[in-house]
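The next block holds one structure in the form of structure tokens; read it before the comments.
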Amino acid sequence: MKTGFATIVLIGAALATSGCSRIKAQQGYLIDETLFTSILPGVDNLESVSRTLGRPTFAAQFDTGSWYYVSRLTGQYAFVSPKTLQQQILIVSFDEQGNVSTVQRRGMEKIARINPEDDKTATLGKSESFFQELFGNVGQVGAAGGPLGGQPTGRDGPR
């Protein structure tokens, strides 16, 4: 009897804790320290960085000055939103001639936590119901002084 109860408790504990395991996921660029430290300002250029590190995660939008290599490790329990456990951003900046000017590393300080308020976005203007939107323009076309364009017409055509 005691072994049956202990077995049931053990199975119940195993089932209860099985949903609590943390799932980890690596996202983005996989950083190789040897390759990253081999990039030197004044020595390397766009082509050599591309051959050494590969294509960047993204590049600067308004100039060709920087390439960004982003790596992120996230963890998630079952049915919970993932949390960032570790993040590294490698930034390679170039001058006008395409030579490396700076090489930087950033971490978790660049993560912005946002909390959306509602499911709806507030807009300016009046709020109308479905039926007001559907039938709101009934009778409005041509009502400002005559047919199409608002100019009255006579027997001989437009005046």
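We did not get these values from a lab; they are worked out from the coordinates using the rules stated. Note that the structure is predicted; figures quoted are calculated from it, not measured.
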Step through the residues of region 35-49 one at a time and calculate ³J(HN,Hα) from phi using the Karplus curve (6.51 cos²θ - 1.76 cosθ + 1.60, θ = phi - 60°), rounding each to whole Hz and writing x for Gly and Pro. 5, 5, 6, 7, 7, 10, x, x, 9, 8, 9, 3, 5, 5, 5
Take every Cα-Cα pair in region 21-109 and report what % of them are more than 23 Å apart. 31
If amide H atoms are modeled at 1.01 Å from N in the peptide plane, then the residues at a separation of 5 or more from Leu85, or on another chain, having amide H under 5 Å from its own are Leu73, Thr74, Gly75
